[in-house]
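Since every read-out is calculated from the coordinates, none of them should be taken as a lab result. Being a predicted model, the structure only gives us computed values, none of them experimental. Reconstructed Cβ throughout: ideal geometry from the backbone, glycine too, with neighbour counts over all protein chains shown.
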Ligand SMILES: [Zn+2]
């Protein structure tokens, strides 16, 4: 049995997110290699397209780049406490619990819809006046000062 050898040995070499694992053989499209992507997925790709940078990942990179910018977050994202000020987090929880949309909250509080979404996404530091108005709409009491936790 004749052992197969690649024309270019790229074992262990890394191209963008793909690391060459082993040679799979040559097909009509040239040498095929097994690669491991940075995300952990293993894929078989044409060596030439990977070496030329035409293929940069298992496909995860492209999927992420193509993902549309989301201005309206899902409720799961809204409840994700990352970066959010604890007060803002409480306001979101109260709003979701009361089934009030951001749009409705904007009308009730007198603040802009964009201002409320930006605050809930943690894009802007919340303004005290805004927090106070929203808290009033949601029936929350704001306590200022040191908290004992
Ligand atoms: Zn990947």
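Structure above, values below:
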| quantity | calculated |
| --- | --- |
| Of all residues making up the stretch 116-148, the number that are without any contact (Cβ under 8 Å) to a residue 40 or more places away in the chain and crowded, with 17+ Cβ neighbours inside 10 Å | 4 |
| Filtered residue count, the stretch 45-65, keeping only those that are surrounded by 13 or more Cβ atoms within 10 Å (Cβ to Cβ) and either assigned to a strand (DSSP E or B) or within 14 Å of the ligand (Cβ to nearest atom) (or both) | 10 |
| Filtered residues of the stretch 20-34 (kept if closer than 14 Å to residue 8 by Cβ and within 16 Å of the ligand (Cβ to nearest atom)) | 20, 33 |
| Top-ranked residue in the stretch 5-44 [being part of a strand (DSSP E or B) and in contact (Cβ under 8 Å) with a residue 40 or more places away in the chain; ranked as surrounded by the fewest Cβ atoms within 10 Å (Cβ to Cβ)] | 15 |
